[in-house]
Amino acid sequence: MTPSVTSKSLRFSFSIAPSHSNPYPKIPLPHPNFHQFPQPLLLLKPISAIQSKLLVPDAGAIVVDRVTESELKENGFRSTRRTKIVCTIGPQTCGFDELEALAVGGMNVARINMCHGTREWHRQVIEHVRRLNEEKGFGVAVMMDTEGSEINMGDLGGATSAKAEDGEIWTFTVRALGLDCPDRTITVNYDGFAEDVRVGDELLVDGGMVRFVVTEKIGPDVICCCTDPGMLLPRANLTFWRDGSLVRERNAMLPTISSKDWLDIDFGIAEGVDFIAVSFVKSAEVIKHLKSYIAARSLKNYIAVIAKLENIDSLSNLEEIILASDGAMVARGDMGAQIPLEQVPSVQENIVQLCKQLNKPVIVASQLLESMVEYPIPTRAEVADVSEAVGQQADALMLSGESAMGHYPEKALAVLRSVSLRIERWLREKRHSTLEVQTVSSSVHIGIQEEMCNAAVKMANKLEADALFVYTKTGHMASLLSRNRPDCPVFAFTPNSSVRRCLNLQWGLIPFCLSFSDEMESNLRRSFPLLKARGMINSGDLIIVVSDQLRSIQVINVS
């Protein structure tokens, strides 16, 4: 492979010779260094496709998120936030105006939790998000989170929450009480609950946010004393511990996807959600089965499956589950109820790094800014926690109760956004000050596209490019660039609006919807004037270009 240079552009073309032993051989790629280039190449000229004499096409032919476009125009490439933000939608944020405020504040993905609300309520939220995208120019994706088959509390008799105080006596029952639920009584969805628990067991609600000790059993009722007070929420997860160990035999027998979950999944497919997050995943087989089910029923839109890693079984089968899924969520709340608390940080870091190596987006979730449910500013420890997740370069951070039922959803979102921007900038400055180049992760299977994207990111970092452009129909090459965490943002052009929304979850990607052909010169001729006309690129910008169509890397200096 030899780089070929023209007077109008710098191109690295990959010529692949046939091989009988391996049809997809490894390709030795160049390791560009500015000092190795001949001096004339330091002043790169634009290719003919972006000469100023060309007519500029209609600027409305390219679609990008309104907030991102505004940031690019005002502050340039380096100001864009690389870490994405997922906001859980609840009573505080389900209205059209409230959703718009979150979108303006930087929400990339709106999450609906099927543990709460009716399908009609969730349908309305989805309709609001779609309307925001169509009418207001946003690019917000929708994630549907299944309830799962773990042991959960009921609906608290219709109340939005209940406060358990220290020393109070509460009753957990398997009786179907409906809305006629007595005070301090909680229904449980598992019929064998009263039979399985013992006097002296500890009950942990929502990963330990509230704690009870079993004092008595009376038929279907389990009488408990509150030992750690807190707020009880409808459908909260329940775990019970005995002699310092998690009692999990019954949970292990429950299916990952319940009958209700399958109905919710059918609802999500019909409504065209972009992601389905599966709760309490135990094995890769569940993910594979669900993906085949979705593929057979969602013929128009691609729906990505996210594995929620929140129990011991998922940690035992971590790599297989991540490989089978389209992404992962580190659900630290429920995870912290099943493993010792001191292990949660190391497990989080391990999952984040493994997802990057396997080229799967990863979300860090649960209790990032828990205090902001009630207070307008976070604790310093929470800011440090968010900073650590950003420093690990997780693809996305997720707000749960902070945005669903907290008093300050917009402020919580603003904290995630500002902390992400500051830590990302600090990491770039740190790498540059020590003359380090971002380490390129290895994947399980190294192919032509992987080698191309690895080389493109190395080149972009070395040349201090302003942006990487990728033209992709499936989104795969865009995710490969994202995995390498380049210094510059990645403009991902795709003709598929569903793929564009799915790319909205991945680190450093700015997804565009743009119809393009298999002829790269035509694509460049079309997209560069559009971007320049809208002020998203400027003369002098250095752009590295790759695509699904060509096995080449182009270096373009915008005129």
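Of note:
- The chain: angle of helix 119-136 to the longest principal axis, Cα-based, in degrees nearest 10: 20 degrees
- The chain - percent of accessible surface contributed by carbon and sulfur, probe 1.4 Å: 52 percent
- For P(r) over Cα pairs in 10 Å bins from 0, in percent, computed directly from the structure shown, the correct entry in (1) 3, 15, 21, 19, 15, 11, 8, 4, 2, 1, 0; (2) 3, 15, 24, 24, 19, 10, 4, 1, 0, 0; (3) 3, 17, 27, 25, 15, 8, 4, 1, 0 is (3).
- Helix 520-533 vs. the chain, principal-axis angle (Cα, 0 to 90°, nearest 10): 70 degrees
- Remark: the range 286-300, residue by residue, has Karplus-estimated 3J(HN,Hα) of 4, 5, 4, 4, 5, 5, 5, 5, 5, 4, 6, 10, 10, 7, 8 Hz, where x stands for each Gly or Pro and the curve is 6.51 cos²θ - 1.76 cosθ + 1.60 at θ = phi - 60°.
- Each residue of the range 374-380 is assigned a 3J(HN,Hα), and the resulting list reads 10, 10, x, 10, x, 6, 5 Hz, derived from the Karplus form 6.51 cos²θ - 1.76 cosθ + 1.60 (θ = phi - 60°), x at Gly and Pro.
- At the residue level, PHE267 shows approximately 20 square angstrom of accessible surface with a 1.4 angstrom probe and all protein chains present.
- Listed residues SER497, SER314 arranged by accessible area, highest first, probe 1.4 Å: SER497, SER314
- In a fully extended conformation the segment linking ALA295 and SER316 would gain 4.8 nm over its present Cα-Cα distance, using 0.36 nm per residue.
- Highest mean first, the peptides 346-356, 269-279 sorted by other C-beta atoms within 10 Å per residue fall in the order 269-279, 346-356.
- Inter-probe distance in nm under a simple model that places probes 7 Å from Cα toward Cβ, at GLU521 and THR118: 6.0 nm
- Using only side-chain charges placed at the Cβ, +1 for Lys and Arg and -1 for Asp and Glu, the dipole size of the range 156-253 relative to its Cα centre rounds to 200 debye.
- Between amide H atoms placed 1.01 Å from N, distances below 5 Å from LEU232 occur with ALA162, LYS163, ALA164, all of them 5 or more places distant or on a separate chain.
- DSSP beta bridges fully contained in the chain are about 45 percent antiparallel.
- Most to least packed among 373-380, 396-403, 109-116 [average Cβ atoms within 10 Å]: 396-403, 109-116, 373-380
- Solvent-accessible surface (1.4 Å probe) assigned to ASP155 amounts to roughly 80 Å².
- Along the range 218-227 the Karplus relation, 6.51 cos²θ - 1.76 cosθ + 1.60 evaluated at θ = phi - 60°, assigns HN-Hα couplings of 10, x, x, 9, 10, 8, 9, 10, 6, 10 Hz to successive residues, with x for each Gly and Pro.
- List GLU150, GLU429, ordered by accessible area with a 1.4 Å probe, largest first: GLU429, GLU150
- Helix 96-105 axis, angle to the chain major axis (alpha carbon atoms, nearest 10°): 50 degrees
- Ligands, DNA and RNA are left out, and with a 1.4 angstrom probe the accessible area of the chain is 42 Å² per residue.
- Total formal charge among the other residues, if their Cβ is under 11 angstrom from that of GLY508, Lys/Arg +1 and Asp/Glu -1: +2
- GLU342, GLU120, ranked by accessible area, largest first (probe 1.4 Å): GLU342, GLU120
- Under 13 Å, Cβ to Cβ, from SER371 - net charge with Lys/Arg +1 and Asp/Glu -1: -3
- The protection proxy used here, the mean number of other Cβ atoms lying within 10 Å of each residue, ranks peptides 536-547, 323-334 as follows, highest first: 323-334, 536-547.
The values are calculated or read from the model by the stated rules, or taken from the named source; none is laboratory data. All values reported here derive from a predicted model rather than from experimental measurement. Neighbour counts are summed over all protein chains in view; Cβ atoms, including those assigned to glycine, are modelled from backbone coordinates with ideal geometry. Keep in mind that these areas ignore ligands, DNA and RNA; they rest on the heavy atoms of the full protein, side chains included. Shrake-Rupley method; radii C 1.70, N 1.55, O 1.52, S 1.80 Å.
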